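The values are calculated or read from the model by the stated rules, or taken from the named source; none is laboratory data. The model shown is predicted, which means the values in this text are computed figures rather than measured ones. Neighbour counts are summed over all protein chains in view; Cβ atoms, including those assigned to glycine, are modelled from backbone coordinates with ideal geometry. Surface accessibility is based on the protein's heavy atoms, side chains included, excluding ligands, DNA and RNA. Shrake-Rupley method; radii C 1.70, N 1.55, O 1.52, S 1.80 Å.
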Amino acid sequence: MLQLGVNIDHVATLRQARKTYEPDPVWAAALAELGGADGITVHLREDRRHIQDRDFRVLRQTVTVKLNLELACNQEVLDIACEVRPDQATVVPERREEVTTEGGLDAVGQREAVARAVRQLQAAGIAVSLFLDPVIEQVELAAEVGAEAVELHTGQYSLARGAQQQEELAKLVAAGRRIRALGMALHAGHGLNYQNVRPVAQIAELHELNIGHSIIARAVLVGLERAVREMKQAIADGAPCR
Ligand code: PXP
């Protein structure tokens, strides 16, 4: 069954807008679980612009589904991850000036730093996923450094329209095939919404989707439980019979 990880960073973004205590991402995680989330995803950024150390630590105690931490190859955050021990760590690139994660990790260019991060996280018992563009040499590097999973960056697919969207989908399908052939789990995410998720959900052997913005945006209007349930439905409608 395809799993839905709900990224709740935006709940913390709203709280940090006033540097207050509400809304609490810990409450949001509980509601997302009630709506059927299979996982909760948070990104502890080096600049702590949304999720704070306290959120991640409390979530480790309260989340009953898979807790997935997104993090960059930053030694301070890697050390916190290894102490708190989420079920999974997804290694992402991070730039201070970006609004959101803009591209996949350049695992080929940063091979040593990525390999070191994978080793440290796995030594702490954390499964590692690398967030990569659908580029075959990047995917092959993930297997070389021993990652358990690759999360394919669906940002270009989400931005594309018409024939170009089909081309981007084909890149995801081809990279996904290589990921599975190399024995890693296949994940995907970024920019997915209620309209464009279906074709991605149909990719063969896709195990996990991580979705944040569109779910939290809908939750502002209809509530988080309902927003998560409706995304689960959109995914199920798109899934092939297996
Ligand atoms: N996957 C990864 C690795 C991400 O960095 C993000 C954004 O934090 C997402 C998925 C979710 O993207 P979106 O908020 O566009 O759904």
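Shown here for the range 28-105: GluC sites (Glu not before Pro) in loop regions (DSSP other than H, G, I, E, B) with at most 11 other Cβ atoms within 10 Å, namely GLU97, GLU98. When only Cα pairs below 8 angstrom with a gap of at least 6 residues are kept, the range 112-186 shows a relative contact order of 32 percent. Taking amide hydrogens as placed 1.01 Å from N in the peptide plane, the amide H of LEU105 sits under 5 Å from those of PHE131, LEU132, ASP133, each at least 5 positions away in sequence or on another chain.
Shape class for the range 161-217, computed from the alpha carbon gyration tensor (a ≥ b ≥ c): oblate, with a/c not under 1.5 and a/b at or below b/c. Would you work out if the chain is rounded, prolate or oblate? Take a ≥ b ≥ c from the square roots of the eigenvalues of the alpha-carbon gyration tensor; rounded if a/c is under 1.5, else prolate when a/b is larger than b/c, oblate otherwise. Oblate is the answer for the chain, as a/c is 1.5 or above yet b/c matches or exceeds a/b.
Would you compute, from DSSP H runs of 4+ residues alone, the mean residue ellipticity of the chain at 222 nm, taking -39500 (n - 2.57) per run and dividing by the full residue count, rounded to the nearest 500?
-14500 deg cm²/dmol
Structural descriptor for the chain: relative contact order 20 percent, calculated from alpha carbon pairs under 8 angstrom and at least 6 residues apart. Here is the P(r) of the range 115-242: all C-alpha pair distances, binned every 10 Å from 0, give 13, 40, 32, 14, 1 in whole percents. Sort out for me the Cα centre separation of the range 130-173 from the range 1-56, rounded to whole Å. Cα centres, the range 130-173 to the range 1-56: 25 Å. Solvent-accessible area per residue in the range 131-192 equals 43 Å², computed with a 1.4 angstrom probe and all protein chains kept. Remark: the range 40-87 carries 40 Å² of accessible area per residue (probe radius 1.4 Å; ligands, DNA and RNA excluded).
Here the chain exposes an accessible surface that is 52 percent carbon and sulfur, computed with a 1.4 Å probe and the other protein chains kept in place.
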